[in-house]
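Visitor: Here's a structure for you.
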Amino acid sequence: MKKSTLYLATYLSLVVFFLFMFIAIFFPAGSLHFWNGWLYWLVFCFPTFVITAHFLRNDPALIERRIRPTENRPAQIVGQSVAAVLFFVGIILPSSDYRFGWSSVPRWISVLGAVVVFAGFVIVFLVFHVNTFTSRAIEHMEGQRVISAGPYSVVRHPMYSGAVLIIVATPLVLGSLLGLIPAALLILIIVLRIYDEEKMLRMELSGYGEYCEKIKCRLIPYIW
């Protein structure tokens, strides 16, 4: 993809995604006075934009792999589709919760949740920094090698670790306990995806089996 085309496609995708998030937050909430919504939208969109802009300039091949739809196995296509639905349900449900008052969390927990969301994005940034082969799809790429530096020295799938932090903290930032339900289902999808990804990597990526023997935990240090 030409550099100019990649820039246009990437920033256009961001604008559309941020707009959808804004609608998913504030339309169900029924009010622009939903301070939790503003907090979440900013703490999600700002790091996303900064990370994307940084790597678009310094590693455009990584960004291209992140935006192009390359998954071609039916199980993973279904999994990604379900995950996308659950992600937006995990925003819409808490926003509706604000409107109808089904549940709530203390304000300090929402602020702490925002810190956790930001920490999740920091982990994602570190993953992208050490692993240019990070792709949107589960695939083995030419020239790919086992990465064991940075966050990969702690767990085998640190990008998913960062994603889990963001997913778990999302309903808390939005002030809802009900939002933990779609969050739990989305984490289950991630766990299933990890099993599938590791199966492929063990078969196709030289040295991955040895790496798994060295780094025991997949997602959470000292736990799993």
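The values are calculated or read from the model by the stated rules, or taken from the named source; none is laboratory data. Treat the numbers as computed from the prediction; the structure is a model and nothing was measured. Every residue, glycine as well, gets a Cβ built from its backbone with ideal geometry; the counts of neighbours run over all protein chains shown. The accessibility values were calculated without ligands, DNA or RNA, using every heavy atom of the protein model including side chains. Shrake-Rupley method; radii C 1.70, N 1.55, O 1.52, S 1.80 Å.
Visitor: How many residues, within region 18-41, are within 17 Å of TRP108 (Cα to Cα) and part of a helix (DSSP H, G or I)?
Guide: Counting residues in region 18-41 that are within 17 Å of TRP108 (Cα to Cα) and part of a helix (DSSP H, G or I) gives 6.
Visitor: Another question about this same structure. How many residues, within region 14-39, are farther than 22 Å from GLY120 by Cβ, open to solvent by less than 60 Å² (accessible area, probe 1.4 Å) and of a type in the set (A, V, I, L, M)?
Guide: So the count comes out to 1.
Visitor: Filter region 67-84 down to residues that are open to solvent by less than 70 Å² (accessible area, probe 1.4 Å), over 30 Å from ARG107 (Cα atoms) and in a helix (DSSP H, G or I) and give me whichever is modelled with the lowest pLDDT. Break it down into steps so the answer makes sense when it comes.
Guide: Our first condition is that a residue be open to solvent by less than 70 Å² (accessible area, probe 1.4 Å); within region 67-84, this holds for 67, 70-71, 76, 79-84.
Cutting the leftovers down to over 30 Å from ARG107 (Cα atoms) gives us 67, 70-71, 76, 79-82.
From what's left, in a helix (DSSP H, G or I): 67, 76, 79-82.
On the way: ILE67: 76, GLN76: 71, GLY79: 75, GLN80: 81, SER81: 84, VAL82: 88.
Across region 67-84, the extreme among qualifying residues is GLN76.
Visitor: Of the residues SER95, SER148, SER110, which single one is modelled with pLDDT under 95 and at negative phi?
Guide: Unique residue meeting the criteria: SER148.
Visitor: Right, something else. Looking only at region 7-42, which residues are of a type in the set (A, V, I, L, M) and under 20 Å from VAL168 (Cβ atoms)? Quick ask: steps written out before the conclusion?
Guide: Keep residues of region 7-42 that are of a type in the set (A, V, I, L, M), which gives 8-9, 12, 14-16, 19, 21, 23-25, 29, 32, 39, 42.
Once the filter is applied, which keeps residues that are of a type in the set (A, V, I, L, M) and under 20 Å from VAL168 (Cβ atoms), region 7-42 yields MET21, ALA24, ILE25, LEU39, LEU42.
Visitor: Okay, moving on. Can you spot a residue in region 126-135 that is in a helix (DSSP H, G or I), open to solvent by 50 Å² or more (accessible area, probe 1.4 Å), within 20 Å of VAL50 (Cβ to Cβ) and aliphatic (A, V, I, L, M)?
Guide: Yes: region 126-135 contains one or more residues that are in a helix (DSSP H, G or I), open to solvent by 50 Å² or more (accessible area, probe 1.4 Å), within 20 Å of VAL50 (Cβ to Cβ) and aliphatic (A, V, I, L, M).
Visitor: Could you count how many residues in region 138-159 are farther than 20 Å from GLY209 by Cβ and open to solvent by less than 20 Å² (accessible area, probe 1.4 Å)?
Guide: 0
Visitor: Another question, if that's okay. Identify, please: which residue in region 40-56 is of a type in the set (Phe, Trp, Tyr) and at pLDDT 95 or above and is, among those, surrounded by the fewest Cβ atoms within 10 Å (Cβ to Cβ)?
Guide: Filtering region 40-56 for residues that are of a type in the set (Phe, Trp, Tyr) and at pLDDT 95 or above, the one surrounded by the fewest Cβ atoms within 10 Å (Cβ to Cβ) comes out as PHE46.
Visitor: Given the criteria out of contact with any strand residue (DSSP E or B) (no Cβ under 9 Å at 6 or more places or on another chain), within 25 Å of GLN76 (Cα to Cα) and open to solvent by 60 Å² or more (accessible area, probe 1.4 Å), does ILE189 qualify?
Guide: No, not satisfied.
Visitor: Tell me whether region 97-118 contains one or more residues that are under 23 Å from HIS54 (Cβ atoms), open to solvent by less than 40 Å² (accessible area, probe 1.4 Å) and touching a residue at least 60 places away in the same chain (Cβ under 8 Å).
Guide: yes
Visitor: Return the only residue of ILE181, ILE123 being open to solvent by 20 Å² or more (accessible area, probe 1.4 Å) and either within 15 Å of the chain's Cα centre (by Cα) or not β-branched (Val, Ile, Thr) (or both).
Guide: Numbers: ILE181 fails: either within 15 Å of the chain's Cα centre (by Cα) or not β-branched (Val, Ile, Thr) (or both).
After ruling out the rest, the residue left standing is ILE123.
Visitor: Of all residues in region 160-178 being free of Cβ contacts under 8 Å to residues at least 60 places away in the same chain and open to solvent by 40 Å² or more (accessible area, probe 1.4 Å), which is nearest to PRO47 (Cα to Cα)?
Guide: LEU165
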